[in-house]
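Q: Take a look at this one; I'll ask things after.
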Amino acid sequence: MRSVTHHVAAATALVALLPTERIALDVAHGRILASPATSVTDNPPFDNSAMDGYAVRCAEVATASPDEPVTVPVAADIPAGSGMPAPLAPGTAARIMTGAPVPSGADGIVPVEHTDGATSAVSIRLAPALHAHIRRRGEDVREGDVVLAAGTRLGPWQLAAAASTGISLLTVARRPRVTVLATGDELTAPGKPLTAGSIYDSNGTLMAALASAAGAEVTVLPRAGDNPDGLVAALGDATADLIVTSGGVSVGAYDVVKEALADRGVDFAAVAMQPGKPQGLGVFEGTPIVCLPGNPVSVAVSFAVIVAPMLRVLTGELEPVVSQAVAATEWRSPSGRQQYVPVRINADGTVEPATAGGSRSHLAASLAHGQALAIVPPQVIEVSRGDTVGLMRSTW
């Protein structure tokens, strides 16, 4: 059998980084940054107040206490967005709002709750520490600093970081075009009545959603039956950077994908993983193609392990961090095959299979409970409670 590492390396070698484009910040959600995004300005761009209160010279109110307040005249009122204020005159305070610029000469902010809140002469009941509640210019980032590294997936937090530093345009990889096709005469569209021997098709939905979640533009081909010529004709119409199929890759008499594509640039092999052992990989009429098994959990796992790395190469996305977790229960693992088990994450951070069926590949409905994949190495045949396993968190 081919190792997972070897198979993934072969898969990623079939694809290359896509061209880039420059897009506006407000349409960049979910895209992959192709070059570093650098700050247009210092952030914060000026010293500003972290509290509603009063800007003071700390030495002048250092004796303030609840028993002996210090009263100083209020020389200015500084709301946020009011422009740069005049310097703070000695012996005075300035009423200031959160986010407003701190006047030169002031070296501390007294929160309003430590005063009587007056507007002409304020009584200060608690002396502030030097520089208290002042956000310094550039303490977050300086102009020209890298805010987002190349390969970053642009989610809400990342987009907010870019916006806060004045970035309005981002260079991103073009969206990968992915065509998906589920095969099998037994498949029936959800919503239609099942006939004898038929099952509902979840693989088409699963592959399309996974590719879309990865940032791809997805085309779903009509479900193909078990006809090799029809399959070849359907795939021949694909215009894509990557084709992904499900079903028909094992050793059965009606494994249509294998029958149709084995002599057309696709290599079919057993990969040392569970689920997902039978796999197909190659180039069909100039387009990289991945042929996944037909069982839904196998599709989900195979997509995460094999297809997702190919999409990361296409977009330049950074590799995800594989963490670790402690097993909350025990389960079996096949000798010589790396196991990937959909797991739920408990409140204490431990994990357990998302279904009592473990990693059995037909348990499609149980995927709804999965939050991550536990990874068990090939030499381990049994996971015991308290054992440490690898953890690949989902993006689905």
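The values are calculated or read from the model by the stated rules, or taken from the named source; none is laboratory data. What you see is a predicted model; the values in this text were computed from it and never measured. Glycine also receives a Cβ, built like all others from the backbone with ideal geometry; neighbour counts cover every protein chain displayed.
Q: Give me a count of the residues in region 304-324 that are surrounded by 17 or more Cβ atoms within 10 Å (Cβ to Cβ) and either within 17 Å of the chain's Cα centre (by Cα) or not assigned by TED's automatic domain parsing to the domain that holds Val244 (or both).
A: Looking only at that region, the number is 13.
Q: Do any strands (runs of 3 or more DSSP E) entirely within region 12-83 hold 1 or more residues that are farther than 30 Å from Ala304 by Cα and of a type in the set (S, T, N, Q), and if so, which?
A: Result: 70-78.
Q: A further question follows. Which is within 33 Å of the chain's Cα centre (by Cα) and among the aliphatic types (A, V, I, L, M), of Ile109, Ile32, Ile96?
A: When all the criteria are applied, what remains is Ile32.
Q: Next question. Return yes or no: is Pro66 of a type outside the set (Asp, Glu) and either surrounded by 17 or more Cβ atoms within 10 Å (Cβ to Cβ) or without any contact (Cβ under 8 Å) to a residue 40 or more places away in the chain (or both)?
A: For Pro66, the condition - of a type outside the set (Asp, Glu) and either surrounded by 17 or more Cβ atoms within 10 Å (Cβ to Cβ) or without any contact (Cβ under 8 Å) to a residue 40 or more places away in the chain (or both) - is not met.
Q: OK, next. Filter region 4-24 for residues that are among the polar types (S, T, N, Q) and either in contact with a Cys (Cβ under 8 Å, 6 or more places away or on another chain) or surrounded by 15 or more Cβ atoms within 10 Å (Cβ to Cβ) (or both) and give the result.
A: Thr12, Thr20
Q: Restricting attention to region 114-146, and to residues there that are hydrophobic (A, V, I, L, M, F, W, C) and without any contact (Cβ under 8 Å) to a residue 60 or more places away in the chain, which single residue is surrounded by the most Cβ atoms within 10 Å (Cβ to Cβ)?
A: Ala118
Q: Also, I was wondering about something else. Please identify the pairs in which a residue from region 226-243 that is free of Cβ contacts under 8 Å to residues at least 24 places away in the same chain has its Cβ atom under 9 Å from the Cβ atom of a residue that is part of a loop (DSSP other than H, G, I, E, B) and of a type in the set (Ser, Thr, Tyr), counting only partners at least 6 apart or on another chain.
A: Final answer for the pair search is none.
Q: Another one. Test Val301 against the stated conditions and say whether it is crowded, with 22+ Cβ neighbours inside 10 Å, outside any loop (DSSP other than H, G, I, E, B) and touching a Pro at 6+ places or on another chain (Cβ under 7 Å).
A: Judged against the criteria, Val301 is a match.
Q: Looking at Ala160, Ala150, can you tell me which residue is on the phi < 0 side of the Ramachandran plot and free of Cβ contacts under 8 Å to residues at least 40 places away in the same chain?
A: The unique qualifying residue is Ala160.
Q: Which residues, counting only those in region 25-53, are crowded, with 16+ Cβ neighbours inside 10 Å and of a type in the set (D, E, K, R)?
A: Listed by number, the residues that qualify are Arg31, Asp42, Asp47, Asp52.
Q: Does Leu187 satisfy the condition of being surrounded by 15 or more Cβ atoms within 10 Å (Cβ to Cβ) and either touching a Leu at 6+ places or on another chain (Cβ under 8 Å) or of a type in the set (A, V, I, L, M, F, W, C) (or both)?
A: Taking the combined requirement at face value, the residue satisfies it.
Q: Can you tell me which residue within region 84-96, out of those that are touching a residue at least 24 places away in the same chain (Cβ under 8 Å) and part of a loop (DSSP other than H, G, I, E, B), is farthest from Cys58 (Cα to Cα)?
A: Met84
Q: Assess whether Pro45 counts as being farther than 30 Å from Leu154 by Cα and either out of contact with any helix residue (DSSP H, G or I) (no Cβ under 8 Å at 6 or more places or on another chain) or without any contact (Cβ under 8 Å) to a residue 12 or more places away in the chain (or both).
A: Criteria not met by Pro45.
Q: In region 1-35, what residues are of a type in the set (A, V, I, L, M, F, W, C), over 30 Å from Gly166 (Cα atoms) and modelled with pLDDT of 95 or more?
A: Hits for region 1-35 are Val4, Val8, Ala9, Ala10, Ala11, Ala13, Leu14, Val15, Ala16.
Q: When you check Pro193 against the structure, is it assigned by TED's automatic domain parsing to the domain that holds Thr239, surrounded by fewer than 14 Cβ atoms within 10 Å (Cβ to Cβ) and out of contact with any Pro (no Cβ under 6 Å at 6 or more places or on another chain), yes or no?
A: Considered against the rule, which asks whether it is assigned by TED's automatic domain parsing to the domain that holds Thr239, surrounded by fewer than 14 Cβ atoms within 10 Å (Cβ to Cβ) and out of contact with any Pro (no Cβ under 6 Å at 6 or more places or on another chain), Pro193 comes out as yes.
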